[in-house]
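So the structure is just underneath, and the comments pick up after that.
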Amino acid sequence: MATTKELILSCARELFLEHGYEGVSMRMIATRCNISLGLTYHYFVGKEALFSDIIRPVVQTLDYIFMQHNSPEHCNEAIFEDIELGQYREFLLLVTKYRRELRLLLLYAKGSPYEGYEQEFIKQNNVLGRAYLNMLKEKYPTMRTNLSDRILQITVENWLHVLKGLLSEELDDSEREQILREYFTFTTGGWKRLIADPSIEKEKAEG
């Protein structure tokens, strides 16, 4: 049986998904839970704290992904052959286990402290992407990593568009997994063609 706090979180999640952050009040949450407003405030000081508690798992997962993005084990030419090195599993977790929380963060957070998260996502990924290319260049000097800032921005914005598309209620988890795997395979091949040293790739093909 759910605890009172779990009940509040569950009802609030549903209401935020129905009406967005701005369209929900603490009184609406209390009514949906069939509890007093005072009891709701006993567990959460306000709507902002409640919303933050709901989306915390997805924010923490994204923070971990950002932290691991440029780790030494990911800075490896094997990333062009293995989509697992491209954090496929981490993003699969996001669009399946934390799908509804991610929907709140990216689509229903207007008016909350997380309203600008989408732009922060783009900005942070641009910075990480440039730093990652510099790390690859240092490790593999013949790689063609001097890409334009604009192409990096386009790839990040496109990835965000795909990520939001995976949150559609019309998809089931098996379809999300298939689309995500296909997208990672597609983009991995594209990055390989774009920056890998063509002479090395030719030697591999001939060998």
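Conditions tested, residue by residue: (1) assigned to a loop (DSSP other than H, G, I, E, B); (2) closer than 25 Å to E115 by Cβ; (3) of a type outside the set (A, V, I, L, M).
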position: S10; (1), (2), (3): no, yes, yes
position: L17; (1), (2), (3): no, yes, no
position: V24; (1), (2), (3): yes, yes, no
position: A30; (1), (2), (3): no, yes, no
position: I35; (1), (2), (3): yes, no, no
position: T40; (1), (2), (3): no, yes, yes
position: V45; (1), (2), (3): yes, yes, no
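Condition test on T142, is it β-branched (V, I, T), in contact with a helix residue (DSSP H, G or I) (Cβ under 9 Å, 6 or more places away or on another chain) and more than 18 Å from Y183 (Cα to Cα)? Yes; evaluated as a whole, the condition is true for this residue. The helices (runs of 4 or more DSSP H) located wholly in segment 90-207 that include 3 or more residues which are surrounded by 13 or more Cβ atoms within 10 Å (Cβ to Cβ) and either at negative phi or at pLDDT 90 or above (or both) occupy 99-107, 117-139, 149-165, 173-195.
The values are calculated or read from the model by the stated rules, or taken from the named source; none is laboratory data. These figures come from a predicted structure and were not determined experimentally. So basically every Cβ, Gly included, is an ideal-geometry build from the backbone, and we count neighbours across all protein chains shown.
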